[in-house]
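Notes to accompany the following structure.
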Amino acid sequence: MSDMVQKMPFGYEPPVDERKGTIVYYDSFEHTTDRELDLAASIAKERSFRKLVLYPLHEQSIKRMTKEEVKPFYKREDRLHLWKQERGAADVVVERLEIKRKKYTPIDSALRHLAETYPKPLFLLVTGELANLFASYSSFDEWIVKIRLLLSEEPPSLHPKLIANKHRWESIVNK
């Protein structure tokens, strides 16, 4: 280590980074279109977020949560990488936690990992169906005060916990 003193001109103020936080697109990406991915990227840019994290769910996670059959993880992940490459999106990250674990990952474990890894505040972009499902879990009350939800579409019927926490989420359909 050097004991050399660095000098700054009088009155120097470091530039303020206007970008903040992270939007995490938490989905299976089985039926997600390029248009929906573009919308997520434009919201991240429009709201000056540092990162857009695409979090594809492992087949086991999807099977436990929704009972839906999906393509293998690597195929859905390859599609996301192709989309990212076509758009030249440097601020987009495809999260690989689920493939490292190779099994069902509870949403609270995923959120804990995301909160430790990426800059805060953390916004979770989910479908209306997934938001209702998340609201039905016991860990929802703990997490809704730490994150904000962005819903890609508002479900026809809202879970009572989503209604009670209306100030912690918004629908981006109208945007």
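The values are calculated or read from the model by the stated rules, or taken from the named source; none is laboratory data. Since the structure is predicted, the reported quantities are computational estimates derived from the model, not experimental observations. In this analysis, Cβ positions are derived from the backbone assuming ideal geometry, glycine residues included, and neighbour counts consider all displayed protein chains. Calculation scope for accessible area: heavy atoms of the full protein, side chains included, ligands and nucleic acids excluded. Shrake-Rupley method; radii C 1.70, N 1.55, O 1.52, S 1.80 Å.
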- Condition met for residue 128 (among the small types (Gly, Ala, Ser), more than 15 Å from residue 29 (Cβ to Cβ) and touching a Pro at 6+ places or on another chain (Cβ under 7 Å)): yes
- Item | All positions within region 119-147 that are under 16 Å from residue 55 (Cα atoms) and either among the hydrophobic types (A, V, I, L, M, F, W, C) or at pLDDT 95 or above (or both) | 122, 123, 124, 125, 126, 130, 131, 134, 147
- Query: residue 136 passes all but one of (1) farther than 27 Å from residue 73 by Cα; (2) exposed (fewer than 15 other Cβ atoms within 10 Å of the Cβ); which number fails?
  - Reply: (1)
- Log entry, pairs with first residue in region 119-139 being of a type in the set (Ser, Thr, Tyr), second being part of a helix (DSSP H, G or I), beta carbons closer than 6 Å, six or more apart or on different chains, reads 139/108
- If you go through 32, 22, the only one that is β-branched (Val, Ile, Thr), free of Cβ contacts under 8 Å to residues at least 60 places away in the same chain and buried (at least 20 other Cβ atoms within 10 Å of the Cβ) is 32
- Query: If you scan region 78-107, which residues turn out to be among the acidic types (Asp, Glu) and either in contact (Cβ under 8 Å) with a residue 40 or more places away in the chain or in contact with a helix residue (DSSP H, G or I) (Cβ under 7 Å, 6 or more places away or on another chain) (or both)?
  - Reply: 91, 95, 98
- Within region 44-97, restricting attention to residues that are assigned to a loop (DSSP other than H, G, I, E, B) and charged (D, E, K, R), which residue is least open to solvent (accessible area, probe 1.4 Å)? 95
- Would you call residue 112 of a type in the set (Lys, Arg), under 11 Å from residue 58 (Cα atoms) and either surrounded by 15 or more Cβ atoms within 10 Å (Cβ to Cβ) or without any contact (Cβ under 8 Å) to a residue 24 or more places away in the chain (or both)? no
- Is it fair to say residue 125 is touching a Lys or Arg at 6+ places or on another chain (Cβ under 7 Å) and either open to solvent by 20 Å² or more (accessible area, probe 1.4 Å) or under 23 Å from residue 91 (Cβ atoms) (or both)? no
- Message: Looking only at residues that are under 19 Å from the mean Cα position of the chain (by Cα) and of a type in the set (Val, Ile, Thr) in region 67-111, which one is nearest to residue 38 (Cα to Cα)?
- Response: 92
